[in-house]
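Novice: My structure is below; once you've seen it, I'll send some questions.
What follows draws every value from the coordinates through simple rules; no lab data is involved. These numbers come from a predicted model, not from an experiment. Backbone-built Cβ (ideal geometry, glycine too); neighbour counts: all protein chains shown.
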């Protein structure tokens, strides 16, 4: 498939292909670009895994290959409404990922919002009609085969050099949060939100810290060189979400894609009302981090699973 251009307009030609098979998605409307596909394919993996792990509808709002927001709900339209509401400033001009067929109710939520396109397993006739009229008829709609599974090995080319690795196909399940290392333990009611936070972190550019509550990521700190900066950025977004929604500042969940190297991350998380943390563990200062959690009454588990994304 020929694309409009690459990451930047001067990067031409640009294309997408799958060796030995057809592309696993169809263009329902519009013409996707290179960044559109990066957002769409990363977002689809995120919402597909969220839906399987939680048994609910899932939606995500992607900007520059990382989710600005992600959420699950009992209806698809509410899932996207919540995902967009995580960080509406960052979601301006987003790419939307939906775990299930886009219905008219979801399309009506999307219609007035500034966004670049949608990826979903499909669209009912009314939804397709509503969305195809956006952006003067150029709004991009992609329908992906929900049964498609990529090869176990994935490759990318950087500076003319091809790098190959096993795809990150690890499964995030509630059992991942059983290894509590603090005085307080992780209760069952916190595990669904830890699922949301951890799966969102899995598909976010590293370093990553995600705050979550009530089936929704409410603060995403992505792509920072310092993990404390991730915790601070995500915490500031979570604080704003709590203020905007007049929500209680207590009982939040947090997931980190790699270990906390210092206790300062716990101290910042506590300021926003975090009570449950999932992180891989493995720092030489794990004992200091655990002590900080105990001081603040935070339950923390070690997952022994690093989730870097680059």
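Novice: How much of the calculated P(r) for segment 25-144 lies past 19 Å, in percent of all Cα pairs?
Specialist: Beyond 19 Å sits 35 percent of the P(r) for segment 25-144.
Novice: Then there is this: Could you work out which residue, out of 99, 90, 61, moves most in a Gaussian network model of the chain, that is, has the largest mean-square fluctuation with Cα springs under 10 Å?
Specialist: Most flexible of the set in this elastic network: 90.
Novice: Rounded to whole Å and ordered largest first, report the semi-axes of the equivalent ellipsoid of segment 200-258 derived from its Cα gyration tensor (root of 5λ).
Specialist: The answer is 20, 11, 8 Å, longest axis first.
Novice: Tally the DSSP beta bridges in the chain and give the antiparallel ones as a percent, rounded to 5.
Specialist: Bridges in the chain that DSSP calls antiparallel: roughly 65 percent.
Novice: Further, regarding this structure: Per-residue ellipticity at 222 nm for the chain, helices alone: DSSP H runs ≥ 4 residues times -39500 (n - 2.57), over residue total, nearest 500 deg cm²/dmol?
Specialist: Result for the chain, helices only: -9500 deg cm²/dmol.
Novice: Can you give the extra length, in nm with one decimal, that the chain gains between residue 114 and residue 306 once fully stretched, where that is 0.36 nm per residue apart less the Cα-Cα distance?
Specialist: Gain on extension, residue 114 to residue 306, equals 65.7 nm.
Novice: Just how many % of Cα pairs in the chain lie over 33 Å apart, if you round to the nearest whole percent?
Specialist: I get 24 percent for the Cα pairs in the chain exceeding 33 Å.
Novice: While we're looking at this one, here's another question. If I stretch the segment between residue 171 and residue 155 completely, what's the gain in nm (0.36 nm per residue apart, minus their alpha carbon distance), one decimal?
Specialist: So the chain would gain 3.7 nm between residue 171 and residue 155.
Novice: In what sequence, highest mean first, do 238-245, 165-172, 142-149 appear when ranked by Cβ atoms within 10 angstrom?
Specialist: Top to bottom by mean Cβ count within 10 Å: 238-245, 142-149, 165-172.
Novice: Using only Cα positions of segment 174-302, each an equal point scatterer, no hydration layer, compute I(q)/I(0) via Debye at q = 0.17, 0.19, 0.23 Å⁻¹ and quote the log10 values to two decimals.
Specialist: So the normalised log intensities are -0.75, -0.96, -1.48.
Novice: Moving on. Along the three principal axes, how long is segment 63-113 when you take its alpha carbons, biggest first, rounded to the nearest angstrom?
Specialist: Taking the Cα atoms of segment 63-113, the three principal extents are 25, 21, 16 Å.
Novice: Under a crude label model (7 Å from the Cα following the beta-carbon direction), how far is residue 284 from residue 52 in nanometres?
Specialist: 3.8
Novice: Let me ask something else about it. Give the distance, in whole Å, between the Cα centre of segment 129-183 and the Cα centre of segment 1-69.
Specialist: 8
Novice: On to the next question. Using the number of other C-beta atoms within 10 angstrom as an exposure proxy, rank 134, 63, 12 with the fewest first.
Specialist: 12, 63, 134
Novice: Turning to a different aspect of this structure: Each label point is 7 Å from the Cα along the Cα-to-Cβ direction; what then is the distance between the points at residue 179 and residue 267, in nm?
Specialist: So the two model labels end up 2.7 nm from each other.
Novice: Turning to a different aspect of this structure: Report the gain in length on full extension from residue 12 to residue 246: 0.36 nm times residue separation, minus Cα-Cα distance, nm rounded to one decimal.
Specialist: 79.5 nm
Novice: Angle between the Cα long axis of helix 286-296 and the longest principal axis of the chain, 0 to 90 degrees, nearest 10?
Specialist: 80
Novice: DSSP beta bridges in segment 90-195, what fraction antiparallel, as a percent rounded to 5?
Specialist: Bridges in segment 90-195 are about 40 percent antiparallel.
Novice: Indicate, rounded to the nearest 5 percent, the antiparallel portion of the DSSP beta bridges found entirely in segment 1-119.
Specialist: Taking every DSSP beta bridge with both residues in segment 1-119, the antiparallel ones total about 75 percent.
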